[in-house]
Amino acid sequence: MSPERYRFGKCVVALAVLLLLGAGAADVLAQTTTGKVTGRVTDAKTKEALPGASVSVTGTKLGAVTDARGEYVILGVPPGSYTLKVTIVGYSAQEVPAQVSVDRTTTANASMAVEAIQMGAVEVVGQRPLVETEVSFTQQIMSREMVKAIPTGSARIQHAVMSQVGVDRDGWGVTIRGNNDKDVAFVQDGMRFAQRFDGRPFSSYPTSSVQEIQVLTGGFAPEYGQARAGVVNIVSKEPAAWLVSGEARYITAGNKWYGEENPYSDNYWTVKRWLSVDPAGDANQDGRADFEGWKAWLARTSAAKQNVYLGQTVTTAEQARAIWLYQHRRVKEDGTVLLGDGTTLSQKDPQGRMNIIGEEGDYGYSYDATVGGPLIRDRVGATYSLRRERTPIYNAAQPSFLQTVHQGKLMFTPTTSTKLTLMGLRALSDGTGFGRTAENGSTIGNANGVAGGVADPPSTTWRTKMSTNTSRLDQWQVGAAWRHVLNPKTFYEASFTRQRFQIKARFAPTMDHRQVVAVYPDGKIELSPELANGTPVSRIVRERGSQGANQSPVYLDTDARKAWAAAAKAKGAVVIGNDPNGWVYPETNPDLLTGVGDLGQGSRNQDSSHSNQSDFSLALTTQLRRNHQVKLGITMQRTDMFQASGTIFGHEMMTVGNRTQWSGSFYAQDKMEYRNLIVNAGARLEWDRPDKHYNFHAWLPSDPNAAWFWQNPVRGGYAPELYTYDQSAKTVRPPMKWYFAPRLGMSYPITETTKLYFNYGYFYRAPSMREMYELYVSDLTKPTYNGNPYTSALRTIQYEMGYEQGFFAGKPHAFKLSGNVYFKDSNRDAFTLWYGFGQVVGPGPYWQPYQSHLMRDIRGVEVTVQKTRGRYWSGYAGYDFNLQRPDNVAWQTLSFDKNEPTFNKVWTANQAQKQAETEARPILRANLTVYSPAEWSKDHVKGGWELDLYYYRKRGQGFNYNPANDPLLRGKLNKRWIAERYANLRITKEFRVQKARPQFYLEVNNLFDWPYPSRTGNVFGFPSGMNYPLGAVQTTTQLYDAYMAEIDRQGKTPGEYIGEPGSAEFNKFMPIYWWTNYQNKRRFYFGVRFDL
């Protein structure tokens, strides 16, 4: 056995012993943000080692001296392109290029010529190796230039990350290999902004501040915790000279949906057929009028004595038509009321803005800028970044999603071996949503759509803006990081961060549902002078045990309004509220004007929750001999949370009171670098210490100790002081949780441009505070404790094998081929719960809190071809394919022992899931960048051009279609929706203005205007019978079956159009409000970038 192999074996054994003696982990903050440079200095003629040579990194204070073998190591080098200056007495100084990346080893050797030989000036440019042979897991390094070159339809960092192979999106944000963003660690400059409140990470960092982004989609080192899917490691700029960098983009106001420009007046099925007092036409050629006409409607309902609205008789067809028109009105920002027949009311609605069309909405924009540089020579530096975005939202309480992010960083370098970094970040997000606003999106559930978060119209056409909340999400983080280089081969880092997460979700100003609108027999519409403008002044709260009381905010009535209404009724008017009745049709429901409940009374949910979190970390990195880089770290985290969300009147209240959670970690890892094998081995030990919780029996209504809860109808939802008893009532602490996560990665360099790699590891994510402590109350008498402080962390075991090969290395046409296969086994894959409506908390079979009980196997293949540089073009193409097989399991029963729940572990598989085919939705994506060659840069006409193209295609969603209830088809994914696809194009022109290089661009999102249906199956926009043309008393299922039968007959794919919009064939088979089901309308953006 060679001495090198013997030393390698001893170190592996020593590391294994170390890992068995200790470890630990929660959420590591001081993750790696730097790289390493190593090399050997030799005599150019004799090839002998040169000890004592000085190697320095120009532009920094970093350097090293070669040892007896001529070797050197420089740790803690920030990512970027550098020149190494090598000097030794008797030899000419030499400059060597080096491209450094996060957590990577860059090799830079130098051959020194004796001083007598004169060498001319040489320009050196550092470039990243085509294949990084020491990397043992799947990764992508995205430089700022690469981030800018991908037209994703957005300027957000998350969308650039989503363009990479293995990464996708859901309604919240980034997903990696089938796991959502709760399982993804977003880290910037070694600090992680991820609150424990609900586990969602902050990811809207200013793009202009980015130096590079490292995306890890496979296994990752033990220093990263509280993540099961991947890591997005963002390194921001630390300029040695002053710079100003930024981007601004603009999108004009306009429709973001398919169909008519003005669906509230131009659409036949939703508007035009209802305008006539006589029978409408037969657009779908089924032999029946599409609407019987208001005369026939009045005759029919009068005969049945059903022409009554709020106790008032509708006497004429014109009056019925006018009521319908007002219920389906549009209101502009200035209060102008527009009716579907093209007329405008002489009075204005002070409550304003409802059902606007695109050209009346806000225009969208975003700007992102960073300024920074040295303040005191090379001792003190600073950067400041600002990002602001406005995204229009239609039919919502908040007209636009607004987000503002401030970020600052102050760097002190008091000595050549120490560095102190202070940072601060604050993000304010204003939007709308049911309960809260996603920080990285426009509305809850629509955070990162194809169009960059621009909201499409809702599934119902006429919808009051007051049916949602106004929400503000306030997040801030401050932190400090200290780095001290003890010697050229050892340094330690310590960091402390403090972050706050606060939600303020409130009722939108409610519509006035008092009788304030008079509709006269001749069709005239009059608004009351008492029509309210603003927020409600009182609330009606249902008394405990009562049924059917109004549960919404209301306006106080006045004598003046009552007198006005009485006078209007005396003239034959029907007096109605200012809140629309939604999508109402007379078909099988004769009660046309009252068939749908008012939508204008405000939404149900409010939120006043906050969380404070402190994180501390300490890590030591040392180079042991030449082949081992060891890192040891420890972290500690404390989270304080208070949650109070739900309605004012107590229905569906979610509370947790004040809770404090402690967690921590210890990790150890060794990067062993040998000529033919690189091993990354280590482990982490994570622990979680829950807070005390209530004695479960104390929640029984018969227990006098629970009177504070039962006797307060609001239950302290917005008054933290009412939780005094909450704190004193906590009696039981669940046991501390421990999780051991070993990890191993190996890379085998076959040649300088070819490698094989393998990695394996355990990955955990602990439950969020909501998942542990939340209490759900369905009404005043039936609470359900669905938070579960006893639940265990989610766990994934992952294996990955990969291969990379470079071709034509060092030439302009060089490219790289990468491929991997991976296996993910999760026997605890998601926190799910059953709310248990109508059941009290306490012993019994109905108490069903959050449980980590979903099992899932994921197997995948990824292939990428990438050309990172070239004279005329660069780009990549990738294909990722994964098979997911979920299996639902649950605890069958729960019992109690000394007030602690005991779970009887009985796995029960969901039979439909068990029989279902494994779902597979492969993704094909490609990016092509074509640019003017560098030698044309001084030509104002030919130089500075760039064309960027990005293509995305995802296989359609599988679904079950079994109209005959065939036993052999039950649970099978026997049909598949059309694919989701789009192509984005950007054209950029750079101009030379002295030292500035401004770039102007036009970007087109979904260039070919390919529509994609947002819903599948029988929810694909097919209404109930009362919403379909007159006489067609078909059920939703019958309409859906007719569509599917025609799709099969024509050999089309479900989701495709049948016929051209407006044709008889289209009208016969497509949903009547088809345009509300398709997303990703083509959009145009204009933008400018600059780097000064």
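Placing dummy labels 7 Å off each Cα toward the beta-carbon, the span from Ala560 to Leu744 is 8.2 nm. For the pair Tyr268 and Lys942, label points projected 7 Å from Cα toward Cβ lie 5.6 nm apart.
Any lysines with Cα under 23 Å of the Lys562 Cα? List them, leaving off those in the same chain fewer than 8 positions away. Within the straight-line cut-off, Lys562 pairs with Lys348, Lys524, Lys571. Under 22 Å of direct C-alpha separation, and excluding same-chain neighbours fewer than eight residues apart, Lys737 reaches these lysines: Lys182, Lys692, Lys898, Lys905.
Report the FRET efficiency, 1/(1 + (r/R0)^6), for Arg500 and Asn974, where r is their Cβ-Cβ distance and R0 is 56 Å, rounded to 0.05. Please list the in-between numbers first.
Working: r = 50 Å, r/R0 = 0.89.
It comes to 0.65.
Subtracting the Cα-Cα distance of Thr1037 and Ile987 from their residue separation scaled by 0.36 nm leaves 13.3 nm. Amide H contacts for Glu919 (H built 1.01 Å from N in the peptide plane; partners 5 or more residues away or on another chain; cut-off under 5 Å): Gln884. Taking a straight line from the alpha carbon of Lys305, these aspartates and glutamates sit under 15 Å away, with near neighbours fewer than eight places off in the same chain left out: Asp591.
Charge tally around Thr413: other residues with Cβ under 11 Å, Lys/Arg +1 each, Asp/Glu -1 each, net +3. Each Lys and Arg contributes +1 and each Asp and Glu -1, all at the Cβ; summed about the Cα centre of segment 139-238, the dipole is approximately 140 debye. With 0.36 nm allotted per residue and the present C-alpha distance subtracted, the Val863-Lys61 stretch has 284.7 nm of extension available.
Report the extension gain between Phe616 and Ile376 in nm, rounded to one decimal, defined as 0.36 nm multiplied by the number of residues separating them, less their alpha carbon distance. Numbers along the way, then the final one.
Details: separation 240, 0.36 × 240 = 86.40 nm, distance 2.90 nm.
Contour length minus the Cα-Cα distance gives 83.5 nm.
For segment 932-1092, the Cβ-based charge dipole about the Cα centre amounts to some 480 debye (Lys, Arg positive; Asp, Glu negative; other atoms uncharged). The modelled label-to-label distance between Asp282 and Thr313, using points 7 Å beyond Cα along the C-beta direction, is 3.6 nm.
Lysine pairs in segment 932-1092 whose alpha-carbon atoms fall under 27 angstrom of each other, counting only those eight or more residues apart or on distinct chains, come to 16.
Taking only the C-alpha atoms, wrap a convex hull around segment 932-1092 and report its volume per residue in Å³ as a whole number. Don't jump to the answer; show the numbers that get you there.
Values: hull volume 27.6 nm³, N = 161.
Once divided by residue count, the hull of segment 932-1092 is 172 Å³.
The shape of segment 261-366 comes out oblate: with a ≥ b ≥ c from the C-alpha gyration tensor, a/c is at least 1.5 while a/b does not beat b/c.
Rounded to the nearest 0.05, the FRET efficiency derived from the C-beta distance between Leu756 and Phe1066 at R0 = 56 Å is 0.55.
Please work out whether segment 45-202 counts as rounded, prolate or oblate from its C-alpha gyration tensor, where a ≥ b ≥ c are the square roots of the eigenvalues and a/c under 1.5 means rounded, while otherwise a/b larger than b/c means prolate and anything else oblate? Provide the component values of the computation, followed by the final result.
Details: a/c = 3.16, a/b = 2.55, b/c = 1.24.
It is prolate, given that a/c is not under 1.5 and a/b is the larger ratio.
Between the residues Pro414, Gly358, Val371, the greatest Cα displacement towards the positive end of the dipole of segment 357-430, with unit charges on the Cβ of Lys, Arg, Asp and Glu, is found for Pro414.
Coordinate-derived values only; no laboratory data. Fair warning: this is a prediction, and the values are worked out from it, not measured in the lab. In this analysis, Cβ positions are derived from the backbone assuming ideal geometry, glycine residues included, and neighbour counts consider all displayed protein chains.
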